[in-house]
Amino acid sequence: MTRPDAEGGVPIVLTAPLTEIIDHAGYFIQMSMASLPIWLEGIINKKYPKWRDVEYNDDGSARSMPAGIRVLETSLLRHFPAGDVVCCYPADLDKFIGPATRVVAVSTHNPLGVTFAAGVYTSIFGSSRMPINSHYSRELFAAIKSNPHRDRFKVIVGGSGGWQIEQTNSYEELGVDCIVEGRSESVETLELFDKALRGETLPRRVDVQHPKERDGILFPDKRTTFGVVEMTTGCGRRCQFCLPDLNPQIDLPKDKIMDAVRANVREGNKQISLATEDMFIWGQVHTSTPFYFPNREALLDLYSSIVETPGVEQHVLSHATIAPAVVDPVLIAKLSDLLLDKSPIHLKALSTHPKHKALVPLIGLETGSVRMAKQIMPSKGVPFQIEDWPSVLVNGLQTLNENNWFPAMTLIVGNPGETDEDCRETLDLIYEVERRGLFAFFIPSVFTPLHDTRMEQQKGVTETKNLTPLQWQLIMKCWKMNLRPGNASWWGPAACRAGALGLWAWKLRKLNGPGFTWPLFLFASAMPERIMARMGKIHLGRPLKIKTRKELLETIKPHHREFLRADTGDIDEDIQPRRPSGPKFIGLVPHGSPAVSTAAGV
Ligand code: B12
Ligand code: SF4
């Protein structure tokens, strides 16, 4: 059944690339499609034959849409009548675009794949511009461009990946009139849509304001992809390369989060994921406690309300930071008790949970070089000093692993000014993790200067053949370690080895330059790493002196020690922790406070 008004077209049609809408196989399907080149799409089709299946509302509109487009829809519905706005899947555009259509608005996360972590993997295989997701994004833009009513409507693009179109100047090629940088709640966004409805010419780029107060952020009352519900904006740790950190540090009110959770369930979604840069700041933004000492009670209260909501069958973590695991290991243990049962992720070889369930938050490791860390992320590990970054990482990972958290940790290869020694130090840290039997999925990506960040003007490595042997080793060592849990079978390692060597012989050795060869042999376990190191072909990580948690706590500035929790242990007598805090911390988050983060100068 289609909407009665569809014949003449809906004035405002909202859509997104199919590969950014689908969510039935968990986060990893979208992340793989952002990284694998289109010629490897068969792998996805084989593993998830139904990935293209989507659910519909009775009027033919989309049942599920990425959170960004849902918030845009909610923003527009404050100003335009419901009949004038529709969200539809790319395949249904022709049903909703008609002579009355004045705007087709596209939300996109990563349309051209030129962001970190995505570009590098496709380029390893030789076609840096066409990850699967880009292919489907381009297909969407081509369909809009060739629509018979194209001269009557404007194409407005927004979302976290809009900048890629501007940076590559793809306006003409993709048929885009205007890119919106920023959030849809702003007055400027509504004015832009008004302008388009009047048929006026639009500027190429419009920068719109981010709400500075919690109440300015809107929550959709409909189903979102992966059940994404916003939890916080901004971060506060101030990493130089980071884009979301430029947004105001805001934690969103629990009642609104819960309404959005219930809306998802009502519309048939069984999974929920809270979108955040760092889940651990929620409940501790603009309180009298610095945000990097997590508000345990508030977090446990929020997460228990979510997983206990009838109809929520699955819950997935999004982004986090590692230092809170060192600050409050009890919080990690209690969160595990709450969340593990509802995690859809199973890691048989790693998890001690009876059903082998695991939690896999995304956490930034970025570099193991203290010199580099000081330059690009001096506050990443607060309340600890950045000089102790490797120790914070190892201690944090140990606590996480003990509680069945196996994070996906991102690393940046080729930071501006990165030397071979920086790379060796990162390898040292990775080998130290391996030596200690700890586990994380290490996801190396090549430095990409993201627009508007503090490192926007800096240059990274643009082609994989320019990567040094050590940078290649880091990438391949990470992937070798990532495959460990899947290598439990007798045939796993052999298949992996044969496949990697076969690909190398066929294609990869020509594409990726001479620096790639030995790291690829390392990945394929062609010979023991010790021997390769003795031959001078690879760097065998040097053992690191890692501080204990107790030693780390002693480095916390005296005026911050009062925020440590006595029940977490390892605290010396001369450190004065506060008493175990009770529910008094719940709800202390002031509403509508000006959002300025306080990481600087810690
Ligand atoms: C949840 C999430 C995911 C999920 C789900 C994505 C989905 N389709 O729903 C998963 C894990 C799958 C994912 C994957 C990836 N992600 Co992601 N993700 C996020 C996260 C945490 C939240 C996104 C979100 O829903 N936010 C809430 C909504 C409401 O915000 P929003 O989408 O930005 O929408 C607002 C505005 O942008 C605007 N807007 C949105 N659309 C439109 C459209 C129009 C027309 C207008 C006017 C305005 C507008 O209005 C909205 C609010 O008012 C963000 C970080 C963040 N906090 O934003 C990273 C983030 C967007 N992801 C990022 C990256 C790099 C990736 C990956 C490339 C990672 C990888 N290597 O695999 C992939 C790419 C996936 C793909 N399909 O290509 C980067 C983006 C970098 C960039 N594009 O330059 C971010 C910012 C993380 C970061 N710290 O750097 N991601
Ligand atoms: S920890 Fe750093 S990279 Fe991560 S969100 Fe915060 S500022 Fe950005």
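Please treat every number below as a calculation from the coordinates, not as lab data. Please read all numbers here as calculations on a predicted model, not as lab measurements. For neighbour counting, all protein chains shown are included, and Cβ atoms are generated from backbone atoms with ideal geometry for every residue, glycine included.
List of remarks:
- Partner lysines whose Cα lies under 17 Å from the Cα of Lys557, excluding those fewer than 8 positions away in the same chain, are identified as Lys380, Lys547.
- 5 angstrom amide H check on Ala105, placed H, neighbours 5+ away: Val13, Leu14, Thr15, Ile156
- Separation of the stretch 349-412 from the stretch 268-335 is 16 Å, based on Cα centroids.
- Estimated vicinal HN-Hα couplings, Hz - the stretch 57-67 in sequence order (Karplus 6.51, -1.76, 1.60; Gly, Pro = x): 7, 4, 8, x, 7, 6, 6, 10, 8, x, 3
- Tensor-based shape of the stretch 224-365 (alpha-carbon gyration tensor, a/c under 1.5 rounded, otherwise prolate or oblate): oblate
- Lysines whose Cα lies under 29 Å from that of Lys95, excluding same-chain neighbours fewer than 8 positions away: Lys50, Lys145, Lys154, Lys195, Lys222, Lys270
- Cα shape, the stretch 310-452, gyration tensor, a/c 1.5 rule: prolate
- Charge tally around Glu308: other residues with Cβ under 13 Å, Lys/Arg +1 each, Asp/Glu -1 each, net -2.
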